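Shown next, in structure tokens, is the structure this report addresses.
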Amino acid sequence: MTPIESELTQLERIPAQIYNSADDACQTVADAITDLINERNAANKQTVLGLATGSTPVRLYRELIRRHQKEGLSFANVITFNLDEYYGLDGDHPKSYRKFMQDQLFDHVDLKPENTNVPDGLVASEAVFQSCKAYEDAIVAAGGIDIQILGIGRTGHIGFNEPGSGPETLTRLVTLDRLTRRYAARDFLGEANVPRHAITMGVGTILAARKLFLLAWGEGKASIMAKTVEGEQTDTIPATFLQQHENCFFCIDQAAASHLTRKRHPWLVGRIEWTEETTRKAVLWLAQKTAKALLKLVDEDYTENGMSDLLIEQGFAYQININLFNITQHTITGWPGGKPDADDSNRPERATPFPKRSLILSPEPLDDVYCLGGTINRLKQHGNEVTIAYQTSGNLAVADSEVQASIELMIELGKDRSGKADLAYPKTVEQQLKDKGAFGADTAEIRHLKGLIRRSEARSSGRTLGIDTANLQFMDLPFYEEGRYRRFIVTETDVAQMYQLLESVQPHQIFATGYGHDPLSVPALSFEVLRAALKQCADSEWFNDCNIWLYKGPADEWEAHEIDMAVPLSPDEFENKFQGIYQHQTQRSQSPGRAGNKSSNSWDLARDINRGTAEIYDGLGLAEYEAIECFKRYNK
Ligand code: GLP
């Protein structure tokens, strides 16, 4: 470690290596696993791996499969133990962790089936203790775990060791936390369907492994990551107990690292270069920390918060304050498409051309209205040509009960027409629904119908925002149509479709999301497709004259220093946005959730988020608005 690094990382209690991408991080971990397996194989010894589920390790497993298929890495002498399993699900259940492991790793490498261990989710309640003890004994009998792979849950859980789990805990039956169940809601099409209990290795079981790699990607993990790496050990965040382990390494991407002090408040741990960007970040943070309006910050605020060198460089606090006040004020605009015939030198969006062709990219129906419903409405009212493109159909997020209701409607309609209508289609889908059971994979027909349901909601929502159906594009990108959660793979076909859309719209501005999200999530993959398509458009004339505005996504919001355009909404506009959101009936219970949020469902969360941004601007000493939607400029 260089001296600068050690100064910057002085608050960190677990070595955290930050990578540019999840794939880079996975290479390192795959190397460690490969080296160990090869070394053990050469000595004719077995390797014991502890494995995890969730989106996080999927890319690692893909890399291990690649090495097996292309580079001859053999798992014939490997024994695996998985961290956990939902209680009440059998191994064939599509949502069981056993099934997940079969699909994502076991079925694609030469692991012996009898060498793969996942806790038994079906063990009778009176036999749970024995079964858990047997799991512990099996780990010991195998010689202990050599390398344990871990992800981290939003509550700071490892495995399913929820808050309250101490460092001595062993394999046992646990009750799942509300937030954890909310996050799993998508997998189970509704929080109510998520099992309430799980069997998990304990924190003590995990700490007994010889080496640990914890992986984390995306901004959704940034906050819990910082608490785990820099906070005190506490059973309210069981992952902090990893600080006790001498051979534990965190391999994380830039987004997951973004709340570590060295990234978020580097001026608190060392000298930094004061650029326009770092100054903005630091001063807006200072104002919020001291709960003072920007123009009320005084020299002492700067000196007491690790920023005296900035003061020396730039003179008096007031000079810095006024500069930042102006920068922040200039982010505010009621004209997200640019104001024609106005001086635009201090406006986020340029005045000409006008009207603009504005392309709103929504990974799934709902993201658009949820994150920028007010802005879309304004763009339209100002006369811009607004196109909303839904990158995916979102059909995986529709519950079967919605399909059943639509089928019944179709059948009723048929009857009204005195039997003339063809009922073959609804009857077929109804039968398929029965055949697949609650969690079976949807047939093509069911997925199609679910997609149509979301289309109809998107149309209604569009109308509420003033956007005609003719201006909605349903792209149904193949990566989504042909995949399932955590199993999506982007191909050239997706990129070609996006390229076509861009070239046909030739937008002056694009609103998109997915940047910095968990790399396997729908928004992140949709953004990856956009990025690849934009590359292909680089020579097109429209490309150089196109601004890209990023919206953050449904569960979160940009921080003050990241906001380049803030669009205030009046109470009426804000209410109208919610009328648009309410058109997405099927999504009401599919809450994204976020740590610490007070809201009981996703609809209220959007209120908190937009009002929260308005409060931040108010607190900084700018105007007081009802709500604000905000965007960050993306440099193509
Ligand atoms: C579940 C699993 C954990 C996993 C966590 C995070 O709770 N039991 O082992 O780390 O989810 O999941 P993801 O990787 O999808 O963010």
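For every residue, the table says whether it meets (1) open to solvent by less than 20 Å² (accessible area, probe 1.4 Å); (2) out of contact with any helix residue (DSSP H, G or I) (no Cβ under 6 Å at 6 or more places or on another chain); (3) more than 16 Å from the ligand (Cβ to nearest atom); (4) more than 15 Å from Leu150 (Cβ to Cβ).
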| position | (1), (2), (3), (4) |
| --- | --- |
| Ala208 | no, yes, yes, no |
| Phe241 | yes, no, no, no |
| Gln254 | no, yes, yes, yes |
| Thr275 | no, yes, yes, yes |
| Gln288 | no, yes, yes, yes |
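Just to be sure before I move on: is Leu502 surrounded by 20 or more Cβ atoms within 10 Å (Cβ to Cβ) and touching a Cys at 6+ places or on another chain (Cβ under 6 Å) in the structure I sent? Against the criterion (surrounded by 20 or more Cβ atoms within 10 Å (Cβ to Cβ) and touching a Cys at 6+ places or on another chain (Cβ under 6 Å)), Leu502 qualifies. The helices (runs of 4 or more DSSP H) falling completely within the range 473-585 that include 2 or more residues that are more than 29 Å from Arg611 (Cβ to Cβ), under 22 Å from the mean Cα position of the chain (by Cα) and away from the ligand (no atom under 16 Å from the Cβ) map to 478-481, 492-505, 522-536.
Quick test for you: out of Arg186, Arg154, Arg178, Arg172, pick the one residue that is open to solvent by 40 Å² or more (accessible area, probe 1.4 Å), within 9 Å of the ligand (Cβ to nearest atom) and in contact with a helix residue (DSSP H, G or I) (Cβ under 9 Å, 6 or more places away or on another chain).
Values: Arg186 fails: within 9 Å of the ligand (Cβ to nearest atom); Arg178 fails: within 9 Å of the ligand (Cβ to nearest atom); Arg172 fails: within 9 Å of the ligand (Cβ to nearest atom).
After ruling out the rest, the residue left standing is Arg154.
The set of residues in the range 22-57 that are surrounded by fewer than 23 Cβ atoms within 10 Å (Cβ to Cβ), more than 21 Å from Ile139 (Cα to Cα) and either in contact with a Lys or Arg (Cβ under 9 Å, 6 or more places away or on another chain) or outside the structural domain of Asp187 (by TED's automatic domain parsing) (or both) comprises Asp23, Ala30, Gly54, Ser55. I'd like to know if the range 397-417 contains one or more residues that are modelled with pLDDT under 95, part of a helix (DSSP H, G or I) and under 23 Å from the mean Cα position of the chain (by Cα). Yes, because at least one residue in the range 397-417 is modelled with pLDDT under 95, part of a helix (DSSP H, G or I) and under 23 Å from the mean Cα position of the chain (by Cα). Starting from the range 510-523, keep only residues that are charged (D, E, K, R), then list their pairs with residues that are in a loop (DSSP other than H, G, I, E, B) and within 16 Å of the ligand (Cβ to nearest atom) whose Cβ atoms are within a distance under 8 Å, requiring at least 6 positions of separation or different chains. From the range 510-523, the pairs are Asp518/Ser55; Asp518/Thr56; Asp518/Trp217; Asp518/Gly218. Being open to solvent by 10 Å² or more (accessible area, probe 1.4 Å), over 14 Å from Phe578 (Cβ atoms) and not in a strand (DSSP E or B) is the filter here, so list the residues in the range 367-391 that pass it. Answer for the range 367-391, where residues must be open to solvent by 10 Å² or more (accessible area, probe 1.4 Å), over 14 Å from Phe578 (Cβ atoms) and not in a strand (DSSP E or B): Asp367, Arg378, Lys380, Gln381, His382, Gly383. On the stretch given as the range 132-151, residues that are in a loop (DSSP other than H, G, I, E, B) and either open to solvent by 40 Å² or more (accessible area, probe 1.4 Å) or not hydrophobic (A, V, I, L, M, F, W, C) (or both) total 4. Would you call Ala317 outside the structural domain of Ala614 (by TED's automatic domain parsing), touching a Leu at 6+ places or on another chain (Cβ under 7 Å) and farther than 30 Å from Arg588 by Cβ? Yes: the conditions hold for Ala317. Scanning the range 189-206 for residues that are of a type in the set (A, V, I, L, M, F, W, C) and assigned to a helix (DSSP H, G or I), we see that the one that is nearest to the ligand (Cβ to nearest atom) is Ile206.
Have a look at Tyr61, Tyr97 and point out the one that is touching a Phe, Trp or Tyr at 6+ places or on another chain (Cβ under 7 Å), among the hydroxyl-bearing types (Ser, Thr, Tyr) and without any contact (Cβ under 8 Å) to a residue 60 or more places away in the chain.
Residue meeting the stated conditions: Tyr97.
Of all residues in the range 252-274 being more than 18 Å from Tyr318 (Cα to Cα), outside any helix (DSSP H, G or I) and not charged (D, E, K, R), which is modelled with the lowest pLDDT? Spell out how you get there, then give the answer.
We begin by selecting, within the range 252-274, every residue more than 18 Å from Tyr318 (Cα to Cα); these are 252-273.
After this cut, where a residue has to be outside any helix (DSSP H, G or I) as well, the list is 252-253, 258-260, 265, 269-273.
This time we only want the ones that are not charged (D, E, K, R), so: 252, 258-260, 265, 269-270, 272.
On the way: Ile252: 98, Ser258: 96, His259: 96, Leu260: 97, His265: 94, Val269: 91, Gly270: 87, Ile272: 90.
Here the residue is Gly270.
Sub-9 Å Cβ pairs linking a first residue in the range 113-131 that is touching a residue at least 40 places away in the same chain (Cβ under 8 Å) to a second residue that is of a type in the set (Asp, Glu) and outside any strand (DSSP E or B), at least 6 apart or interchain, are Asp120/Asp90; Gly121/Asp90; Ser131/Asp120, ordered by first then second residue. Tallying residues that are among the small types (Gly, Ala, Ser) and not in a helix (DSSP H, G or I) within the range 217-240 yields 2. Annotation for the range 322-334: at least one member residue is in a loop (DSSP other than H, G, I, E, B) and more than 22 Å from Ala293 (Cα to Cα).
Contact map, the range 297-318: residues that are in contact (Cβ under 8 Å) with a residue 24 or more places away in the chain paired with residues that are of a type in the set (Lys, Arg) and part of a helix (DSSP H, G or I), Cβ distance under 8 Å, separation 6+ or inter-chain. Pairs shown: Asn305/Lys289. The residues on offer are Pro478, Pro426, and the sole one that is in contact with a Ser or Thr (Cβ under 7 Å, 6 or more places away or on another chain) and either among the charged types (D, E, K, R) or open to solvent by less than 70 Å² (accessible area, probe 1.4 Å) (or both) is Pro478.
The values are calculated or read from the model by the stated rules, or taken from the named source; none is laboratory data. Since we're looking at a predicted model, the values are computed, not measured. When we count neighbours, we look across all protein chains shown, and the Cβ atoms used for this are built from the backbone with ideal geometry, even at glycine. Note: areas computed on protein heavy atoms with side chains; ligands, DNA, RNA excluded. Shrake-Rupley method; radii C 1.70, N 1.55, O 1.52, S 1.80 Å.
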